[in-house]
Each structure stands twice: as structure tokens, then as C-alpha cells.
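The values are calculated or read from the model by the stated rules, or taken from the named source; none is laboratory data. Remember, predicted model here, so these are calculated numbers, not experimental data. Heads up, the Cβs are rebuilt from the backbone with ideal geometry, glycines too, and the neighbour counts pull from every protein chain shown. All accessible areas refer to the heavy atoms of the entire protein, side chains included, with ligands and DNA or RNA removed. Shrake-Rupley method; radii C 1.70, N 1.55, O 1.52, S 1.80 Å.
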Amino acid sequence: RTCDQLRCTTCDFRVSLFNDYIWDQSCDYLFFRNNMPELSKLRAKMIKKKGARAYACQCSWRSIDALTDLQTDQLLRWVCGKH
């Protein structure tokens, strides 16, 4: 289970999540900065992968395809945005 209300404390953006997708390796900071949160633009760098999940805000992104504790990633500044 994961929080579906994640918020980034760095860019103050809501973290979007996309089930059954991962991010293309060519993704970079400017791609997300310019295209978040417009799904139509983000799809250009999304790859379908069953069972995976792609996360992104305006400054950070992750592709997860196995059980992962995101709290151990010191570079991420994502917190629960409260329910």
C-alpha cells in the first residue's frame, strides 16, 4: 500500500502516480518541470509495464516494479499530504 496523496516538499507539487507504467530512461528534470501534470504530454516518456508504478512531481520521479520503501531514498522529499 502507498499513500495516494503524496506531496513534494521541494517543488510543492502533488505526486502523480500511474499504475502499470514506468518512466523511460531518457526522462530528465526539464521534462517533468515543463510537462507536469499534463498526462497527454507525460505519455511521451511512459512505458507500459504490468505490475509497475510510475511516480512523479515537478522535480523528482521514480519507477517502481518491486516492493520498495520510498522513505529510504534520501533524495526524495515526498510526504503524506493528509487524507
Report task. Could you please find all residues in the range 71-82 being at pLDDT below 85 and open to solvent by less than 100 Å² (accessible area, probe 1.4 Å)? Result -> THR72, ASP73, LEU76, GLY81
Query raised in the report: Within the range 3-52, which residues are open to solvent by 80 Å² or more (accessible area, probe 1.4 Å), of a type in the set (D, E, K, R) and in contact with a helix residue (DSSP H, G or I) (Cβ under 9 Å, 6 or more places away or on another chain)?
Result: LYS41
Requested in this report: Search the range 44-71 for residues that are over 15 Å from ASN19 (Cβ atoms) and pair each with any residue that is open to solvent by 70 Å² or more (accessible area, probe 1.4 Å) and of a type in the set (Asp, Glu) when their beta-carbon atoms are under 9 Å apart and the residues are at least 6 apart or on different chains.
Outcome: CYS57/ASP12; GLN58/ASP12
Report task. Among residues belonging to the range 59-70 that are more than 15 Å from GLN5 (Cα to Cα) and touching a Phe, Trp or Tyr at 6+ places or on another chain (Cβ under 9 Å), point out the one that is surrounded by the fewest Cβ atoms within 10 Å (Cβ to Cβ). Result -> ILE64
